[in-house]
Amino acid sequence: MTPQHPATRVVHQHTPPLPTSHPISVPIYQASNFGFDDPDALSDALNAPDQGFAYSRYGNPTTRALEETVAALEGGTAAVATASGMGAITSALTGALRAGDHVIALSCLYGGTYATLNYLHDHFGIDVSYVRGEDPAEVATAVRPSTRMLYLETITNPVTRVVDLPAFLAAGKEAGLLTVVDNTFATPLLCRPIEHGADVVLHSITKYLGGHSDVTAGILVFADDARYRDGWHHTMEMGAAIDPFAAWLTLRGIQTLALRMRQHCANAARIAELLAAHPSVEAVHYPGLATHPDHEVAKRVLADFGGMVSFDLAGGRDAGYTFTKGIRMVKLAASLGGVESMALHPASTSHRQLDADALRAAGIAEGTIRLSVGIEHADDIWADVEQALP
């Protein structure tokens with residue numbers, strides 16, 4: 001019986017068969033090398049991702065279990081796990097682009113993605129046009145003969161804009177572009193971009209899929225087999241492979257993803273409403289609020305509104321510093337998506353690579369705070385947030 005619901009699939013993961021039984025949890029194959037009796041079998045395993053395991057940079061049984069689990073959750077053909085979220089992002093970009101190519105991307109992106117696109121521009125002449133993501137006609141306007149890729153985020157980092165994925169992906173397809181979607185903030189529980197037409201979906205596993213702030217990893221999910229095989233070859237040759245223990249930690253975390261996301265979303269909705277009523281807060285960015293510019297889009301594209309809330313403090317950068325200095329239970333931390341609540345000031349941390357113009361284009365103010373709402377009791381989260389507000 002194949003489970004139909006993602007909440008069931010995260011629990012029942014693929015485990016390697018044994019002669020008369022099977023392990024209930026996926027075992028760790030903490031091996032870098034695998035021996036063969038047949039030289040032809042060794043050669044085959046080094047040349048294709050589905051011909052056995054020879055060397056863990058090429059493939060590993062624990063890693064493969066993770067890849068199959070996430071591919072099934074996203075509705076993809078296959079996946080390639082990487083050593084970090086940036087490993088997935090960089091592999092997606094460098095595997096598909098060549099010198100002189102052009103990319104269309106959202107103006108509001110994770111700072112690391114923005115920095116990588118700048119690096120590719122400076123070193124390889126890959127141009128980027130940034131669009132607001134509010135009207136799919138922006139794609140047709142930005143496209144050039146050299147355009148190869150449309151790069152989107154389901155929920156943008158950090159100001160939680162929600163792209164009309166069906167419309168934008170259709171516009172990308174009409175222009176003949178490879179469509180790549182970073183689905184980290186949404187997870188496959190809230191959105192599956194391949195169902196809307198995406199070619200490649202990526203995640204920073206470090207965030208919600210791992211969920212416990214104890215693993216650094218990423219993953220690429222492919223909609224078709226040919227692109228998967230190309231992606232596997234490129235990622236393997238670039239040396240971006242995940243470690244088997246990190247893969248095992250992620251599998252362990254994924255089993256509670258549905259429960260965690262339910263609590264993340266419920267808590268985030270409560271905190272967003274309370275922030276919206278506070279006099280120190282100029283604006284709250286949460287797609288579950290009716291005041292959010294993409295609220296109606298979010299209701300169509302997402303199963304729920306996510307666990308990320310950002311808000312703009314009156315008082316700018318000084319107010320942001322005061323808040324991050326004042327939090328006690330909420331962790332001041334660079335990452336997100338763990339069971340514990342975490343906050344940071346994007347302009348000076350996660351998006352420090354952006355200059356003032358790029359910050360404005362991304363909708364990030366000097367006083368913007370990004371809050372990853374954890375699974376603690378909402379009253380305790382709010383008590384700490386409230387006492388830290390300037």
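Is there any pair linking a residue in the range 330-352 that is free of Cβ contacts under 8 Å to residues at least 12 places away in the same chain to one that is crowded, with 23+ Cβ neighbours inside 10 Å and of a type in the set (F, W, Y), with Cβ under 6 Å and at least six apart or on different chains, and which?
Every condition considered, no pair remains.
Pick from N60, N33: which is closer than 18 Å to Y228 by Cα and either of a type in the set (S, T, N, Q) or in contact with a Pro (Cβ under 6 Å, 6 or more places away or on another chain) (or both)?
None of the others qualify; the one that does is N60.
Tell me, which strands (runs of 3 or more DSSP E) wholly within the range 205-315 include 3 or more residues that are in the same structural domain as A167 (by TED's automatic domain parsing) and crowded, with 16+ Cβ neighbours inside 10 Å?
Counting at least 3 such residues, we get 218-222.
Can you confirm whether G87 is in the same structural domain as T235 (by TED's automatic domain parsing), of a type outside the set (V, I, T), within 19 Å of I242 (Cβ to Cβ) and crowded, with 19+ Cβ neighbours inside 10 Å?
When the stated conditions are applied, G87 passes them.
Pick out the one residue from R370, R328, R360 that is of a type in the set (K, R), within 21 Å of L389 (Cα to Cα) and not in a loop (DSSP other than H, G, I, E, B).
R370
For the range 194-204, state whether one or more residues are touching a Leu at 6+ places or on another chain (Cβ under 7 Å) and in a helix (DSSP H, G or I).
yes
Which of (1) modelled with pLDDT of 95 or more; (2) under 24 Å from H233 (Cβ atoms); (3) not in a loop (DSSP other than H, G, I, E, B) is the odd one out, the single condition A41 does not satisfy?
Among (1) modelled with pLDDT of 95 or more; (2) under 24 Å from H233 (Cβ atoms); (3) not in a loop (DSSP other than H, G, I, E, B), the lone unmet condition for A41 is (1).
Going through the range 173-191 one residue at a time, which ones are in contact (Cβ under 8 Å) with a residue 60 or more places away in the chain and under 24 Å from A140 (Cα atoms)?
Quick first cut of the range 173-191, residues in contact (Cβ under 8 Å) with a residue 60 or more places away in the chain only: 177-178, 180, 182-191.
The answer is L177, L178, V180, D182, N183.
Inside the range 48-104, can you point out the residues that are small (G, A, S) and part of a loop (DSSP other than H, G, I, E, B)?
A48, G52, A54, S56, G59, G75, G76, A83, S84, A99, G100, listed by residue number.
Only residues that are among the small types (G, A, S) and in contact with a helix residue (DSSP H, G or I) (Cβ under 9 Å, 6 or more places away or on another chain): list them for the range 38-56, please.
Listed by number, the residues that qualify are A48, G52, A54, S56.
Do we have R229 as out of contact with any helix residue (DSSP H, G or I) (no Cβ under 8 Å at 6 or more places or on another chain), within 21 Å of R9 (Cα to Cα) and charged (D, E, K, R) here? So that I can check it myself, show each step before the final result.
On the way: out of contact with any helix residue (DSSP H, G or I) (no Cβ under 8 Å at 6 or more places or on another chain): yes; within 21 Å of R9 (Cα to Cα): no; charged (D, E, K, R): yes.
No.
The values are calculated or read from the model by the stated rules, or taken from the named source; none is laboratory data. Remember, it's a predicted structure, so these values are computed and weren't measured experimentally. All Cβ positions, even for glycine, are placed from backbone atoms using ideal geometry, and neighbour counts span all protein chains on display.
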